[in-house]
Amino acid sequence: MPEKPLVAHSLAEAYLYLMATPCASCGQGLLKGSDARVVSKREEGVTVTIAATCAACHADTTKWFLLPGDLTSEEKGETAIVNPTDEPSGILDVGQWIMLFRMITEAAAKETDKTEARHLGIEAAQCLEEALKFYDDVDSDLPPSEAFFTDASRNRLREAPEQFSKRRLIDLRAKLPSMAAMRASVSVRKKKRWWRRRE
Ligand SMILES: [Zn+2]
């Protein structure tokens with residue numbers, strides 16, 4: 001029997017999960033995912049498997065994801081939408097989204113192709129949005145304990161709480177161009193799938 005699928009809001013979120021999840025064998029390397037394979041389509045969603053290989057120890061693993069709706073609709077978009085709902089992710093926690101924001105922002109800064117850099121910018125902005133979905137509206141500048149799923153993120157909160165400041169994240173978001181402006185600037189979508197660029 002396969003393991004219970006991870007419930008994601010999109011294929012993009014599933015690949016970001018692979019990017020942010022360390023290898024179960026060596027605890028190090030990033031998992032590099034191959035193309036998703038559709039296993040079943042039911043009313044509750046599409047189940048896909050993604051075979052992944054650790055970039056450090058080369059161990060192979062397969063992850064199962066349950067995605068809403070029809071996968072093909074996602075491929076039509078100019079830039080993959082990570083999560084169109086207000087509901088925070090159930091598979092990536094606040095710390096992982098902040099880490100992804102930083103990783104993708106750094107990749108965008110190094111990218112020489114302007115269009116690609118724009119796409120990365122949109123992805124980074126979406127990671128920041130996902131992190132912000134975990135914060136309570138009132139009270140605290142730090143996320144609630146339910147926003148943490150991993151020990152790595154809890155440790156990071158202890159060591160560097162300033163990275164989790166809601167005010168800081170909102171300031172970062174304010175420096176980014178608006179999502180609408182970014183989307184308008186990248187009207188021509190390349191054929192290459194977006195997660196391929198980071199291989
Ligand atoms: Zn490994």
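Brief remarks on what is shown
- Hits in the stretch 144-163 (condition: surrounded by 14 or more Cβ atoms within 10 Å (Cβ to Cβ) and either in a helix (DSSP H, G or I) or in contact with a helix residue (DSSP H, G or I) (Cβ under 6 Å, 6 or more places away or on another chain) (or both)): 147, 148, 152, 153, 154, 156, 157, 163
- So residue 120, is it hydrophobic (A, V, I, L, M, F, W, C), at pLDDT below 95 and open to solvent by less than 40 Å² (accessible area, probe 1.4 Å): yes
- Positions within the stretch 34-73 being in a strand (DSSP E or B), touching a residue at least 24 places away in the same chain (Cβ under 8 Å) and of a type in the set (Gly, Ala, Ser), in sequence order: 36, 45, 52
- Qualifying positions in the stretch 1-30 - over 13 Å from the mean Cα position of the chain (by Cα), within 16 Å of the ligand (Cβ to nearest atom) and surrounded by 14 or more Cβ atoms within 10 Å (Cβ to Cβ): 22, 23, 25, 29, 30
The values are calculated or read from the model by the stated rules, or taken from the named source; none is laboratory data. All values reported here derive from a predicted model rather than from experimental measurement. Reconstructed Cβ throughout: ideal geometry from the backbone, glycine too, with neighbour counts over all protein chains shown. Areas reflect the complete protein model, heavy atoms only, side chains present, ligands, DNA and RNA absent. Shrake-Rupley method; radii C 1.70, N 1.55, O 1.52, S 1.80 Å.
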